[in-house]
Structure formats: structure tokens, C-alpha cells
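Just below is one structure, and these are the notes that go with it.
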Amino acid sequence: MIPRENLTFEDDWFVAGMKSTASVTQLATDVFVPSHRIFRLTAAIEGEYTGSNRGTSYRTMFVPSLFMNLVGPHLGMGRAALDFVVAAAETKSIAFTGYDRQADSTIFQYALAKSAVQLAAAEALAEQVADEIYLTAERGDYAPYADRIALRAKVGWIIDTITQLIGDLVTAHGSAGFADSSTLQRIWRDQAAAARHGHTLSASGYEALGRVMVGRESDARFVLPVV
């Protein structure tokens, strides 16, 4: 929205994960921004800013649409981690045991199966949330705060589930997965960093939803004022 030549950059992205995103700080000093380039966030949150485009995708709930954009990469990293560990199972042994192949171990098989079921559940719930966001827009509705909070809590569960299953897969694969050359440790680091995004922290979503469920919606807005 601002020409690149009007910006300066501060190289301050030194983090454990997502190292290749180039998420440096962009600085704008004395840059004029015309009114038609301004997106009024507070109005958009409550569905008051929909623009002139009548396409369904342009009329979805604003914040739920934003946090759903974060879900896809998590699901993809969960799938990539599972595929990586499965692919190595026939050739990788389990150190200090009699197993020459991980694939022969019952405990390893259990870990894979559990992770696969968790991933399928997370994908199914993500599809349900996405459908609810899109179908609500198709009906021309804008969901009330309590319904948006419920979506937010579900997304928190999805992210938590992916974080857990990736951690279990790293353990099942073994310490070789922490080598700098291993794709698995990059997935583990990137997902762990992304999972801490404020829009998808499960604790906040659960607390707010719990307050709504016991009739304290005004208190829930203290926990999550922006949904």
C-alpha cells in the first residue's frame, strides 16, 4: 500500500523459527497515505466495512478470516512432518534397541497412527470452521461476538493439536531429526514459532469462550477484545 522506495528497513528478524521469511521491520517516516488507502480496523471487526465488492470472499467475518489464513501452513507442516517420519521408517533404526527398522516397532507404529488421527481431526475441524465463515457470508450474515469466539477457540485447538503431533513425531523419529540438515527440525522450529501467534493462542480462546458459556460475554471481551 506504500511504495517500497518510501520505506526503510531494519534487519531485526533473529528468531528460532521462520528464519527465511524476511519479516524485518518496515519503517515509514513522513509518508503521506491517502484516505482511500486506509482500512478502518475497528469497523471491519464488527462487519461495518465491507467495501463495494459483493463477492462472498469479500464479505466474510474479518478477524476469523485472518486467523484462518494462519491455519493452512500449520496443517501443511503437520502433514509434511508425518510424511517425513513415515518415509524414514524402513531405513532408520532405533538406537540402543534391537530394532534395525523403526517400522517394526509397535511403539513407533502407535506414534504414527496417533499423529495421523490427530492430523485428520485437525483438518476436519479446520474445514468446518472455514465452511462456517464462508456460509455465513453467503447468507449475508455477520456472526455475533459469541459465535466468533467459538471459532477462535476451535482454531486454538487445531494449532495446539498440530504442535503436539509434530513434537511426538520428532520424538518418534529420534535425535537425528535435530540435525541442521534435517527437514524435520526446520518444520519443528517453524511451526513452534508460528504457533505462538496471538491470533491463535488456545488459552485466550478457551478463556474467552468459557466466559461466554457462563453468561459473561462482557468479561470475555476483556480477554479477546478483537475477534
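What to note about this one:
- Of all residues in segment 101-155, those satisfying the criterion of being of a type in the set (Ser, Thr, Tyr) and in a loop (DSSP other than H, G, I, E, B) are Ser105, Tyr142.
- Selection status of Phe62, more than 30 Å from Gln185 (Cα to Cα) and touching an Asp or Glu at 6+ places or on another chain (Cβ under 9 Å): yes
- Residue list for segment 14-55, filter: open to solvent by less than 80 Å² (accessible area, probe 1.4 Å) and either within 30 Å of Gln185 (Cα to Cα) or part of a helix (DSSP H, G or I) (or both): Val15, Ala16, Gly17, Met18, Thr21, Ala22, Ser23, Val24, Thr25, Ala43, Ala44, Ile45
- Considering residues of segment 190-200 that are part of a loop (DSSP other than H, G, I, E, B) and under 14 Å from Gln164 (Cα atoms) only, the residue most open to solvent (accessible area, probe 1.4 Å): Arg196
- Some residue of segment 205-226 being outside any loop (DSSP other than H, G, I, E, B), over 18 Å from the mean Cα position of the chain (by Cα) and basic (Lys, Arg): yes
- Residue check: Ala88 meets all listed conditions (1) out of contact with any Lys or Arg (no Cβ under 8 Å at 6 or more places or on another chain); (2) open to solvent by 40 Å² or more (accessible area, probe 1.4 Å); (3) within 25 Å of Ile187 (Cβ to Cβ) but one, namely (2).
The values are calculated or read from the model by the stated rules, or taken from the named source; none is laboratory data. Computed from a predicted structure; not experimentally measured. All Cβ positions, even for glycine, are placed from backbone atoms using ideal geometry, and neighbour counts span all protein chains on display. In case anyone asks, the SASA skips ligands and DNA or RNA and just uses the protein heavy atoms, side chains included. Shrake-Rupley method; radii C 1.70, N 1.55, O 1.52, S 1.80 Å.
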